[in-house]
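**Q** Below you will find the structure I want to go over with you.
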Amino acid sequence: MKIAVIGTGYVGLVTGTCLAETGNEVICVDIDENKVKKMQKGEVPIYEPHLDVLFERNIKAGRLKFTTSLKEGLDHGEIVFLALPTPEGEDGSADLKYVLGVADDIGKMITDYKVVVDKSTVPVGTAEKVEAAITKNTNVEFDVVSNPEFLREGFAVDDFLKPERIVVGSSSERAIGLMKKLYKPYVRSGNPIIIMDEKSAELTKYAANSFLATKITFMNEIANFCEKVGADVDMVRRGMGTDSRIGKRFLFPGIGYGGSCFPKDVKALHKSAKDNDYDFKILDAVVNVNQTQKTALFPKMLEHFDGDLKDKNIAIWGLAFKPETDDIREAPSLYMIEELVNAGAKVTAFDPEAMDNVERLLGDKIAFAKSMYEATEGADALLICTEWSIFRTPSFKKLKENLNDPLIFDGRNLYDLEDISKEDFTYYSIGRKDIIT
């Protein structure tokens, strides 16, 4: 099939590349000329495991192409995916200016039937707005479909090629038939293509992300309470997770969630509820708790250093909001860095993929190390903000040699309490007993 993908951000690039992988002819459109030129040369503009292999293979095969011309993309694609930014507005709502702007242009350019697919995460009712924006400029037949993505950063390629489910929101049998044909190669193992109306599909994405954010936030609250009463959140988590009604995933406490989806989607659903005269009380709590949780370790750091962090050297492991990505949007590390720098501390950070992005954001406010151990040389403490695999089994001997004191503040509970106690480190974590040596 011939596909156009408008927008080559995280969702658009993964979508276009993975659709090409099953034999479709894909043209990806982006207004950024420099970005398009780099992609045409085979340069992947984002870090996502396994994407580079598929990207190179499909460019060489001629199935994946890039252009700055919306007209070229529209003329090519029978199905046109809108994978455009929906940034958070000042009031928390999703800003649809890019989506509706392109929809307006599509109406001026289409010459034959198209299925226009909302792939971006958009509020309930967006499909109707896209349809209206196109209709005002054309009499050509088209359909608008809501097809939300459920891609996890770090696992996006597998999530696209082997989806747990595919949600298609449409009232058009013609459009549904084309979408089923497109996605058939991805559901050969029997995972469902769920057909529903457009509004339900739009809400499904927000509901799913908000529920997962709520689950994470609830465990962070439980962790905080564990510290008050002397319970161990790891034990509580295991006891809860074996209940099939609850499940073991998203029960790991830490210093809050970040990224491009959970924070923005929770706020957008909350704002959408307000716009429809509904008070979504549980989302109020989720937003507020998560904001506080991002700096949950800072009071412990301040107390350990007797209220004075001035000129203390703090090493940070992990800057991305989660492992296997270079995405730093709403990353807890940035909030901890802000607190530390404001308190007069000196920060040296290491992350396998995200350092360039943080350096562009913060400049010389902090220093960056070439390796995880280099970051700890001469540091007064180590702060762990992201659970990259390479941080899970460090040389504690080397850490002791590098650190001025054997002191770790662990925002991701990477180390077993019994194991770390044998290493003679002072160790602070989330929802568990602090080990003071």
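The values are calculated or read from the model by the stated rules, or taken from the named source; none is laboratory data. Keep in mind that what you see is a predicted model, and the values were worked out from it rather than measured. Cβ atoms come from the backbone with ideal geometry, glycine included; neighbour counts cover every protein chain shown. Keep in mind that these areas ignore ligands, DNA and RNA; they rest on the heavy atoms of the full protein, side chains included. Shrake-Rupley method; radii C 1.70, N 1.55, O 1.52, S 1.80 Å.
**Q** Given the criterion open to solvent by 50 Å² or more (accessible area, probe 1.4 Å), within 23 Å of ALA231 (Cα to Cα) and more than 21 Å from the chain's Cα centre (by Cα), identify the matching residue among ASP410, ASP424, ASP364. Steps first, please.
**A** Values: ASP410 fails: open to solvent by 50 Å² or more (accessible area, probe 1.4 Å); ASP364 fails: within 23 Å of ALA231 (Cα to Cα).
None of the others qualify; the one that does is ASP424.
**Q** Please find, within the stretch 210-230, the residue that is farthest from VAL117 (Cα to Cα) out of those that are out of contact with any Lys or Arg (no Cβ under 9 Å at 6 or more places or on another chain) and open to solvent by less than 60 Å² (accessible area, probe 1.4 Å).
**A** Top of the filtered list is ASN224.
**Q** Got a number for residues in the stretch 284-310 being over 19 Å from the mean Cα position of the chain (by Cα), under 17 Å from PHE409 (Cα atoms) and part of a loop (DSSP other than H, G, I, E, B)?
**A** 8
**Q** Another question about this same structure. Enumerate the pairs (first residue in the stretch 229-246 and under 24 Å from TYR428 (Cα atoms); second residue anywhere and among the β-branched types (Val, Ile, Thr) and open to solvent by 50 Å² or more (accessible area, probe 1.4 Å)) with beta-carbon separation below 8 Å, excluding pairs fewer than 6 apart on the same chain, so at least 6 apart or on different chains.
**A** Close Cβ pairs (under 8 Å, with a partner that is among the β-branched types (Val, Ile, Thr) and open to solvent by 50 Å² or more (accessible area, probe 1.4 Å)) amount to MET240/ILE246.
**Q** Select from the stretch 231-244 the residues that are open to solvent by less than 50 Å² (accessible area, probe 1.4 Å) and over 18 Å from GLY254 (Cβ atoms) and list them in ascending order.
**A** The one that is open to solvent by less than 50 Å² (accessible area, probe 1.4 Å) and over 18 Å from GLY254 (Cβ atoms): ASP243.
**Q** Tell me which helices (runs of 4 or more DSSP H) are completely within the stretch 83-193 and hold 1 or more residues being open to solvent by 10 Å² or more (accessible area, probe 1.4 Å) and in contact with a helix residue (DSSP H, G or I) (Cβ under 8 Å, 6 or more places away or on another chain), or say none if there are none. Outline the logic, then answer.
**A** On the way: elements: 97-109, 126-135, 156-161, 173-183.
Counting at least 1 such residues, we get 97-109, 126-135, 156-161.
**Q** Still on this structure: Looking at the stretch 65-77, is at least one residue in contact (Cβ under 8 Å) with a residue 40 or more places away in the chain, open to solvent by less than 40 Å² (accessible area, probe 1.4 Å), of a type outside the set (S, T, N, Q) and assigned to a loop (DSSP other than H, G, I, E, B)?
**A** yes
**Q** Still on this structure, please answer the following. Please verify whether GLU43 is among the acidic types (Asp, Glu), part of a loop (DSSP other than H, G, I, E, B), on the phi < 0 side of the Ramachandran plot and open to solvent by 10 Å² or more (accessible area, probe 1.4 Å), treating the condition exactly as stated. So that I can check it myself, show each step before the final result.
**A** Values: among the acidic types (Asp, Glu): yes; part of a loop (DSSP other than H, G, I, E, B): yes; on the phi < 0 side of the Ramachandran plot: yes; open to solvent by 10 Å² or more (accessible area, probe 1.4 Å): yes.
Taking the combined requirement at face value, the residue satisfies it.
**Q** Regarding PHE225, is this residue within 23 Å of the chain's Cα centre (by Cα), assigned to a helix (DSSP H, G or I) and not small (Gly, Ala, Ser)?
**A** Details: within 23 Å of the chain's Cα centre (by Cα): no; assigned to a helix (DSSP H, G or I): yes; not small (Gly, Ala, Ser): yes.
Spelling it out, it is not the case that PHE225 is within 23 Å of the chain's Cα centre (by Cα), assigned to a helix (DSSP H, G or I) and not small (Gly, Ala, Ser).
**Q** From the list GLU43, GLU90, which one is without any contact (Cβ under 8 Å) to a residue 40 or more places away in the chain and more than 21 Å from ILE6 (Cβ to Cβ)? Give the derivation first.
**A** Details: GLU43 fails: more than 21 Å from ILE6 (Cβ to Cβ).
Answer to the check: GLU90.
**Q** Follow-up. When LEU414 is evaluated against the numbered criteria (1) touching a Lys or Arg at 6+ places or on another chain (Cβ under 7 Å); (2) more than 24 Å from ALA223 (Cβ to Cβ), which criterion, by number, is the only one it fails?
**A** Just one mismatch for LEU414, condition (2).
**Q** Another question about this same structure. If ASN342 passes every condition in (1) touching a Lys or Arg at 6+ places or on another chain (Cβ under 9 Å); (2) surrounded by fewer than 20 Cβ atoms within 10 Å (Cβ to Cβ) but one, which one does it miss?
**A** Evaluating ASN342 over (1) touching a Lys or Arg at 6+ places or on another chain (Cβ under 9 Å); (2) surrounded by fewer than 20 Cβ atoms within 10 Å (Cβ to Cβ) leaves (1) as the failure.
**Q** Moving on. Does the stretch 302-320 hold any residues that are surrounded by fewer than 23 Cβ atoms within 10 Å (Cβ to Cβ), at negative phi and touching a strand residue (DSSP E or B) at 6+ places or on another chain (Cβ under 9 Å), and which are they?
**A** Within the stretch 302-320, HIS304, PHE305, LYS312, ASN313 meet the criteria.
**Q** Pull out all pairs, ordered by first then second residue, where Cβ-Cβ is under 6 Å, the residues are six or more apart or on different chains, the first lies in the stretch 14-36 and is closer than 23 Å to LEU161 by Cβ and in a loop (DSSP other than H, G, I, E, B), and the second is modelled with pLDDT of 95 or more and open to solvent by 10 Å² or more (accessible area, probe 1.4 Å).
**A** Close Cβ pairs (under 6 Å, with a partner that is modelled with pLDDT of 95 or more and open to solvent by 10 Å² or more (accessible area, probe 1.4 Å)) amount to THR22/PRO185; ASN24/MET1.
**Q** Moving to a separate point now. Please enumerate the residues belonging to the stretch 48-64 that are outside any helix (DSSP H, G or I) and more than 16 Å from PHE160 (Cα to Cα). Give the derivation first.
**A** The first filter runs over the stretch 48-64 and keeps only residues outside any helix (DSSP H, G or I), leaving 48-50, 61-64.
Selection gives ALA61, GLY62, ARG63, LEU64.
**Q** Restricting attention to the stretch 109-130, which residues are in contact with a Lys or Arg (Cβ under 7 Å, 6 or more places away or on another chain) and of a type in the set (A, V, I, L, M, F, W, C)?
**A** MET109, VAL124
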